[in-house]
Amino acid sequence: MENEKEKITKKLPKITVKEKKKIIFLGSEAAPFIATGGLADVLGSLPKELAKKKNLDISVILPLYSIISQEFKSKFKFLINFNVSVGWRWQYAGVFYYEYEGVKFYFIDNEYYFKRDGNIYGFYDDGERFAFFSRACLDAIARLNIYPDILHCNDWQTASSIIFLKGMYYGDENFRRIKTIFTIHNIEYQGVFPLESFSNLFGFPDSIINYVEFSNTVNLMKGAIEMTDIVSTVSPTYAEEIKNSYYAHGLENIINRNANKLCGILNGIDVDNYNPANDKYLFKNYSVEDMEGKVVCKRELQKLLNLPIRDDVPIIAVISRLVSHKGLDLIKGIIEPLLSSDVQIVILGKGEISYENFFTNISNTYRGKCATVIAYNQDLSRKIYSGADIFLMPSKSEPCGLSQMIASRYGTVPIVRETGGLNDSIKAYNGESGNGCTFHDDNGHDILYVLNEAVSLYKDKDVRKKLVKTVMTTDFSWKNQAEKYENLYTK
Ligand code: GLC
């Protein structure tokens, strides 16, 4: 006879344990392994946040650049090797593995493509290097039998994974059921190559030429936008902006005709990594409860950069790649009038030679008021984020922008132009609410006006205190944003 317990158990619906949803990110850089820009920050922090969720299984595949530190490389475990078809050739690919902060990282090894001096981009054969990588990722997925539910590709370097997947690998049922997301971190860089490379370099089949061809070239970003299931970008405002020619760098029609699968999710930052309370790069740590350390950070920064040590003068900082879309011409136009008032200006960045020269010359002319350091320097950037009072980011366009969020975390009040992610993350202070200063038009009057406003807010101690507190406590963590990605994956 059945006992009571068995009877009850029989009546209950059978619960099947749901398998985790598998997501694989593909990208060309991810912190802390290899970082040259914002993409690395995102791929170093979003997967980590998602991996905290019990129902998700998160992997990232990266190229194994020789410049990844030996300290990391010595921990990577070799898994397999195979040959990858690149146009008319076959190239070696090795796969290494390392689990880091809950995320499974795979690295594609090929010294011919990834053992280069110094940089990770900017070589004559970048098209071939990333075509190889994109295809090797798919082949590694098959050989390791780690087919994901969702393949999440980022920027042009991994756009061709989507093109291969949808245009060549669909015969395989395991690949056919994979859904793809293509995230545009910056529409300016599209991966454009001569049309001849379509078959001889990329090895794309003729049947997909219409997707990939654009203005008589191979345009990888266009191909991915056309062929992917979802297109996302890194802020809601940018998702709207790229429908217009001013922002779309020629792709506005392509974006508009794919608008039904387009969404924008604002990036977050790794708030544990960027935390003034325990950041080891800072002269002294501090927090919103105890701001004493920020005063020390400011004085030490002034000392380091040969600026007069004064608590009462605001330091205005720019930390940026020195390229045109960061709005540097606006700064060029107003820097001398700005320097005629009682402020100090600090500039850190690398990029186009004309900007490097301009800002270096200005610093030489205005010694003791303006300091420029031409470098990409993590240590110094943290010392500036923490030591400055005002952070200037007047980008002409900015898909998301992370520096305004980092500066905020360190209690440095951001001034931004209302575009892209700057518009979504910083709201103008109006005496009550708001976490920074903003301006709309791309002109010198507006930026100078708002800079003066920021300086007068700074000079009013009570206002400054209130504003800095709001700025520091604005939530730029990945927590809420990762949830939005999770919803997207579930969809
Ligand atoms: C690109 C964009 C930048 C964004 C970053 C991460 O570098 O230019 O705005 O924050 O990608 O998505």
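The values are calculated or read from the model by the stated rules, or taken from the named source; none is laboratory data. Here the structure is a predicted model, which means the values were calculated and not measured. Note that each Cβ is placed from the backbone with ideal geometry, even for glycine, and that neighbours are counted across all protein chains shown. To get the accessible areas, we keep the full protein, side chains included, count just its heavy atoms, and leave off ligands, DNA and RNA. Shrake-Rupley method; radii C 1.70, N 1.55, O 1.52, S 1.80 Å.
The table below lists the values:
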read-out: Filter result (open to solvent by less than 30 Å² (accessible area, probe 1.4 Å) and touching a helix residue (DSSP H, G or I) at 6+ places or on another chain (Cβ under 8 Å)) within region 458-476; value: TYR458, LEU467, VAL471, MET472, PHE476
read-out: Condition check for LEU165: open to solvent by 20 Å² or more (accessible area, probe 1.4 Å), over 17 Å from the mean Cα position of the chain (by Cα) and at pLDDT 95 or above; value: no
read-out: Residue that is within 26 Å of the chain's Cα centre (by Cα), in contact (Cβ under 8 Å) with a residue 12 or more places away in the chain and not in a loop (DSSP other than H, G, I, E, B), where the choices are VAL296, VAL318; value: VAL318
read-out: Count - residues of region 245-279 that are farther than 16 Å from ILE187 by Cα and either in contact with a Lys or Arg (Cβ under 9 Å, 6 or more places away or on another chain) or of a type in the set (A, V, I, L, M) (or both); value: 9
read-out: Qualifying residue in region 74-91 (condition: over 16 Å from PHE164 (Cβ atoms) and open to solvent by less than 10 Å² (accessible area, probe 1.4 Å)); value: no
read-out: First in region 370-395 and farther than 21 Å from ASP272 by Cα, second anywhere and part of a loop (DSSP other than H, G, I, E, B) and small (Gly, Ala, Ser), Cβ under 6 Å, 6 or more apart; value: PRO394/GLY327; SER395/GLY327
read-out: Selection from region 267-284 of residues that are within 16 Å of the ligand (Cβ to nearest atom), within 19 Å of VAL468 (Cα to Cα) and not β-branched (Val, Ile, Thr); value: TYR274
read-out: Enumeration of residues in region 309-328 that are open to solvent by 70 Å² or more (accessible area, probe 1.4 Å) and more than 20 Å from LYS461 (Cα to Cα); value: ARG321
read-out: Single residue of TYR65, TYR124 found to be aromatic (Phe, Trp, Tyr) and surrounded by fewer than 17 Cβ atoms within 10 Å (Cβ to Cβ); value: TYR124
read-out: Selected residue [in a loop (DSSP other than H, G, I, E, B) and surrounded by fewer than 22 Cβ atoms within 10 Å (Cβ to Cβ)] from TYR281, TYR246; value: TYR281
read-out: Among (1) in contact (Cβ under 8 Å) with a residue 24 or more places away in the chain; (2) on the phi < 0 side of the Ramachandran plot; (3) open to solvent by 20 Å² or more (accessible area, probe 1.4 Å), the one test that SER340 misses; value: (1)
read-out: Residue check, LEU56 modelled with pLDDT of 95 or more, farther than 22 Å from ARG129 by Cα and within 16 Å of the ligand (Cβ to nearest atom); value: no
read-out: Of residues in region 176-214 being aromatic (Phe, Trp, Tyr) and within 16 Å of the ligand (Cβ to nearest atom), the one nearest to GLY264 (Cα to Cα); value: PHE182
read-out: Options GLY94, GLY102: the member that is open to solvent by less than 60 Å² (accessible area, probe 1.4 Å) and under 22 Å from the mean Cα position of the chain (by Cα); value: GLY102
read-out: Number of positions in region 209-238 that are open to solvent by 10 Å² or more (accessible area, probe 1.4 Å) and either aliphatic (A, V, I, L, M) or not in a loop (DSSP other than H, G, I, E, B) (or both); value: 11
read-out: Helices (runs of 4 or more DSSP H) contained in region 365-439 and holding at least 1 residues more than 13 Å from the ligand (Cβ to nearest atom) and modelled with pLDDT of 95 or more; value: 378-387, 403-409
read-out: Filter result for ALA239 (within 16 Å of the ligand (Cβ to nearest atom), at pLDDT 95 or above and in contact with a helix residue (DSSP H, G or I) (Cβ under 7 Å, 6 or more places away or on another chain)); value: no
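Here's the yes/no breakdown for (1) within 16 Å of the ligand (Cβ to nearest atom); (2) in a strand (DSSP E or B); (3) under 29 Å from LEU488 (Cβ atoms):
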| residue | (1), (2), (3) |
| --- | --- |
| PHE72 | no, no, no |
| PHE78 | no, yes, no |
| HIS152 | yes, yes, yes |
| LYS166 | no, no, yes |
| ASN174 | no, no, yes |
